[in-house]
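Engineer: I am attaching a structure below and will ask some questions about it afterwards.
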Amino acid sequence: MTPRRQHATGCRAGVQRRHWLLGGVSVLVGCDHAAVPPVPAVLHMGMDLWAGYFPVLLAIELGLMAERGLTVDVTMPGNTDRMLAEFSAGRYDIVGMALADLVNLTRGARDVQVFIHSDESSGGDKLLSRAGFDPARDRVIVGTNLGGFGELFVREYLQRQGIDDGRVVWMNVDAADVPLALKRREIDIGHTWDPYAAAALADGAVQRFSSAQTPGLVMDVLVTRHSVVERRFAELKGFTAAWFQAQQWWAERPAEGDARLARRLDRSPEWVAESRRGIKLADLAANRRLLGAGGQAPAMASTVVRYSDFFLARGTLTRPLQHERLLRADLLP
């Protein structure tokens, strides 16, 4: 599949091919070239190829972002570490990521803030092994994104299997690279998700564990920076309103939503439907509860504390995460 960037201006639309880049669609009323339409505000967003973040693509597809005067350029670089580094460097206004990966961000950009809880992984994250792997062997080579939620997820499996940490060799392997690393026998087990997991399983890998066995552990969020909120509060409010409107639309019309997303992603509707299995999208009511809208205590605070304690103990963090500064509910509709 060839990734693409889509854009539309005036009365003509074009398609520019580029690596995993899908642009927002800006809709202009009529074709009167004498009229000068307002320039749409552009928000740049980075995300993994993960169905929990697809409401933004659907909001673009349905014109909900354009209705609010927004163009959203969405980049899916296929490498989580690079995406987070580019966010820290200011390339993106918004990034979709696992909540536990905030540990990496807080070391490089201390003003990060969570403003949407997109989903909970409930089977979408998988731990795969190469065929013939024996967990009782003396040495176990593990591939995952180190220092983030992948490491936390894998350690849950190792603990339940009674695999002592002294027998584990850790390798920093992106989810997209796990299938090839397993095939080359560079790792024994690796953490990944679809479409990469499906490719590895089709090539003979074996599923050992999934996030269905770790309820509440793997949460995904949209993150921005405090400095962006200060400058672009109204635009981010419009973004969240369009996000939840698209999410509700998808829930009410799943087949049509899958078909629209399939066209945008150059995939089949069946692939889109399969990609959202094991993912629990969080609606607006859940977000208000989890982020603490209306002055209520944020339900997500306990998860932040759990992650903070884990990474403090590992030495990845040098000071606790503060949910009071991290979670932001005032951008919700």
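The values are calculated or read from the model by the stated rules, or taken from the named source; none is laboratory data. In this text the structure is predicted, and so the values were computed from the model without any measurement. Note that we place each Cβ from the backbone using ideal geometry, even for glycine, and neighbour counts take in every protein chain shown.
Engineer: Within the range 303-311, does at least one residue satisfy the condition of being of a type in the set (Val, Ile, Thr) and either in contact with a strand residue (DSSP E or B) (Cβ under 6 Å, 6 or more places away or on another chain) or crowded, with 20+ Cβ neighbours inside 10 Å (or both)?
Structural biologist: The answer is yes, given that some residue of the range 303-311 is of a type in the set (Val, Ile, Thr) and either in contact with a strand residue (DSSP E or B) (Cβ under 6 Å, 6 or more places away or on another chain) or crowded, with 20+ Cβ neighbours inside 10 Å (or both).
Engineer: In the set VAL142, VAL154, which member is within 14 Å of PHE209 (Cβ to Cβ), hydrophobic (A, V, I, L, M, F, W, C) and in contact (Cβ under 8 Å) with a residue 40 or more places away in the chain?
Structural biologist: Result of the check over VAL142, VAL154: VAL142.
Engineer: What are the residues in the range 305-333 that are in contact with a helix residue (DSSP H, G or I) (Cβ under 7 Å, 6 or more places away or on another chain), hydroxyl-bearing (Ser, Thr, Tyr) and not in a loop (DSSP other than H, G, I, E, B), if any?
Structural biologist: TYR307
Engineer: Please go through the range 262-315 and pick out each residue that is β-branched (Val, Ile, Thr) and touching a Ser or Thr at 6+ places or on another chain (Cβ under 8 Å).
Structural biologist: Matches in the range 262-315: ILE279 only.
Engineer: Next question. Which residue pairs have Cβ atoms under 6 Å apart, sit 6 or more places apart or on different chains, and have a first residue in the range 198-217 that is touching a residue at least 60 places away in the same chain (Cβ under 8 Å) and a second that is in a strand (DSSP E or B) and of a type in the set (D, E, K, R)?
Structural biologist: Within 6 Å, the pairs are GLN207/LYS126; SER210/LYS126; SER211/ASP125.
Engineer: Given the conditions (1) in contact with a strand residue (DSSP E or B) (Cβ under 8 Å, 6 or more places away or on another chain); (2) under 30 Å from TYR92 (Cα atoms); (3) part of a helix (DSSP H, G or I); (4) among the small types (Gly, Ala, Ser), report the number of the one that GLY190 does not fulfil.
Structural biologist: (3)
Engineer: On to the next question. Just need a number here: residues in the range 253-281 that are in contact with an Asp or Glu (Cβ under 6 Å, 6 or more places away or on another chain) and of a type outside the set (Lys, Arg).
Structural biologist: 6
Engineer: Any idea how many residues of the range 59-104 are at pLDDT 95 or above, in a helix (DSSP H, G or I) and surrounded by fewer than 24 Cβ atoms within 10 Å (Cβ to Cβ)?
Structural biologist: Qualifying residue count for the region: 4.
Engineer: Let me ask you something else. Can you find a residue in the range 245-264 that is touching a residue at least 40 places away in the same chain (Cβ under 8 Å), under 21 Å from ALA98 (Cα atoms) and not aliphatic (A, V, I, L, M)?
Structural biologist: So far as the range 245-264 goes, yes, one or more of its residues are touching a residue at least 40 places away in the same chain (Cβ under 8 Å), under 21 Å from ALA98 (Cα atoms) and not aliphatic (A, V, I, L, M).
Engineer: Here are the criteria: (1) at pLDDT 90 or above; (2) under 20 Å from ILE187 (Cα atoms); (3) part of a loop (DSSP other than H, G, I, E, B). Tell me which single one LYS126 does not satisfy.
Structural biologist: Every condition holds for LYS126 apart from (3).
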